Amino acid sequence: MKKILLVEDDPNLGMLLQDYLQLKGKFNVVLCVDGEEGLRTFNKQSFDLCILDVMMPKKDGFALGKEIRKTNEDVPIIFATAKAMMEDKASAYDLGGDDYITKPFRIEELLLRINALLKRVSVKEVKPAGPLQSQFQIGEYNFDFTTQMIQFRGQQQKLSTKEAELLQLLCLKQNAVLTREEALLSIWHDDNYFNGRSMDVFLSKLRKYLKEDPKVEILNVHGKGYKLLVN
């Protein structure tokens, strides 16, 4: 049985969602009423997915999601809010969210989104047929995918899981084009707009990590994707 953390400050809606997801989705749902309680609960227990209301007292959903991502980069997060502004949606994905649903919503739609996210996670956990290269020389940088570490002149930089996966794909296609679709499907298993925004954030971080060697550059190839260029 999959375990879900539901953080919702409206007690009526919270209990309604909890009862429905436990009955129809056959999930174990832990309900918290504010962001601080949600963070304490997340740190004490293991969850397969989180549903976070954005507008909450003490700690809002975006702040809670950011805290969760500091310790767990992989657990799927769905943000729920009464706001429908594009800026809020962009913030949700920039903070590492996997989906965004606007209130009022049908509970059946939320259940469909939960099942879709959990399915992507299960697909990602399937091991590839053969091992991919894990050690790379990028100009003066040494990249170890297994430890998710970049070394440069004695200095080390620890990468997040998605940063390491993205850099590995770029290294495997060094000086050639890595298409945007290929990267999204390989890492996120979905090439939608919001996953693309999330990937752009990780690319910006990788460029920052590799900026000390002028011979190393991650280029945008217009209309196609990206290229790790090493001169």
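The values are calculated or read from the model by the stated rules, or taken from the named source; none is laboratory data. As the structure is a prediction and not an experimental result, all values here were calculated from the model. Ideal geometry is used to build each Cβ from the backbone, glycine not excepted, and the neighbour counts take in all protein chains shown.
Structure summary
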| quantity | calculated |
| --- | --- |
| Filtered residue count, region 170-189, keeping only those that are part of a loop (DSSP other than H, G, I, E, B) and in contact with a Leu (Cβ under 8 Å, 6 or more places away or on another chain) | 3 |
| Flag for R69 being farther than 16 Å from N115 by Cα and surrounded by 16 or more Cβ atoms within 10 Å (Cβ to Cβ) | yes |
| Where a residue in region 206-227 is of a type in the set (G, A, S) and its partner, wherever it lies, is not in a helix (DSSP H, G or I), with Cβ under 7 Å and at least six apart | G225/V177; G225/L178; G225/T179 |
| Which listed residue is part of a helix (DSSP H, G or I), in contact (Cβ under 8 Å) with a residue 12 or more places away in the chain and in the same structural domain as V29 (by TED's automatic domain parsing), from L167, L118 | L118 |
| Close pairs (7 angstrom Cβ cut-off, 6 or more residues apart or separate chains): farther than 15 Å from K205 by Cβ and loosely packed, with under 14 Cβ neighbours inside 10 Å in region 129-155, of a type in the set (A, V, I, L, M) and at pLDDT 90 or above anywhere | L132/L172; Q133/L172 |
| Looking only at region 9-40, and only at residues there that are of a type outside the set (A, V, I, L, M, F, W, C) and within 21 Å of the chain's Cα centre (by Cα), the one that is surrounded by the fewest Cβ atoms within 10 Å (Cβ to Cβ) | R40 |
